[in-house]
Amino acid sequence: MVKYSVAMSVRMVCIVLGVVTQGVLMWIFFALAIFLPYFAVVLANAQGAPKQSTSRAIAPKGSIRADQFKFDD
C-alpha cells in the first residue's frame with residue numbers, strides 16, 4: 001500500500017509540473033501522469049515467493065471409539 005501511495009503522490013507532482021511547464025517537459029510530465037497508475041497497480045499487486053516458515057503447526061491426532069459415546073435419552 002505504501003508503494004502505491006508513493007506512486008500516486010509522484011503522479012500528482014507530475015500533473016502539477018505538467019500544468020506549469022511548457023514544451024517537451026509538459027508532454028513528458030503528462031505522459032508520466034497517465035502511465036504511472038498502471039505501473040503503480042502492477043507494483044502494488046506484485047508478490048514475491050511465499051516465505052517458508054520454519055515451524056509449522058501440527059494438528060493433534062485423536063480418535064474416539066463408538067462405545068465411548070453416551071447418549072442420554
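The values are calculated or read from the model by the stated rules, or taken from the named source; none is laboratory data. Note that the structure is a prediction, hence the values are computed from the model and not measured. Positions of Cβ are generated from backbone atoms using ideal geometry, with glycine treated the same way; all protein chains shown enter the neighbour counts.
Here's the yes/no breakdown for (1) at pLDDT below 80; (2) outside any helix (DSSP H, G or I); (3) basic (K, R); (4) in contact with a Leu (Cβ under 7 Å, 6 or more places away or on another chain):
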{"site": "L25", "(1), (2), (3), (4)": "no, no, no, no"}
{"site": "F30", "(1), (2), (3), (4)": "no, no, no, no"}
{"site": "I34", "(1), (2), (3), (4)": "no, no, no, no"}
{"site": "T54", "(1), (2), (3), (4)": "yes, yes, no, no"}
{"site": "A57", "(1), (2), (3), (4)": "yes, yes, no, no"}
{"site": "G62", "(1), (2), (3), (4)": "no, yes, no, no"}
{"site": "F71", "(1), (2), (3), (4)": "yes, yes, no, no"}
Quiz prompt | Complete set of residues in the range 7-25 that are surrounded by 15 or more Cβ atoms within 10 Å (Cβ to Cβ) and more than 27 Å from the chain's Cα centre (by Cα) | solution = L17, G18
Quiz item: Across the range 3-29, what is the total count of residues that are touching a residue at least 40 places away in the same chain (Cβ under 8 Å) and among the basic types (K, R)?
Solution: 1
Quiz item: Looking at (1) part of a helix (DSSP H, G or I); (2) at pLDDT below 80, which is the one condition that is false for R11?
Solution: (2)
